[in-house]
Amino acid sequence: MGAEPLSEAEQDNLVVELAVNIETFTEEEFEERYNQLDNLHKAQVNADVREFADNAVGDEHWDSDETG
């Protein structure tokens, strides 16, 4: 059932697609595409998702245990 692994360029494009469309993908669509990536590309997506969340909340420390 395994599909051919994506090329480096295909993975690079998929990272961009995931970052640009983060709000439009369903969780299942996002996960399906995310799981096609190698660990390096997953780390890039994770960083993009983190940046998106930081910007959405307006504070890069929004999930910190520290209290002001």
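Side notes on the structure shown:
- Cα-based shape type of segment 1-57, given that a ≥ b ≥ c are square roots of the gyration tensor eigenvalues and the cut on a/c is 1.5: prolate
- Subtracting the Cα-Cα distance of Ala9 and Phe30 from 0.36 nm times their residue separation leaves 5.7 nm of extension gain.
- Placing Leu40, Leu18 in order of accessible area, with the largest value first and a 1.4 Å probe, yields Leu40, Leu18.
- Added length on full extension, which subtracts the Cα-Cα distance from 0.36 nm per residue, Asn55 to Asp38: 3.5 nm
The values are calculated or read from the model by the stated rules, or taken from the named source; none is laboratory data. Note that the structure is predicted; figures quoted are calculated from it, not measured. Areas reflect the complete protein model, heavy atoms only, side chains present, ligands, DNA and RNA absent. Shrake-Rupley method; radii C 1.70, N 1.55, O 1.52, S 1.80 Å.
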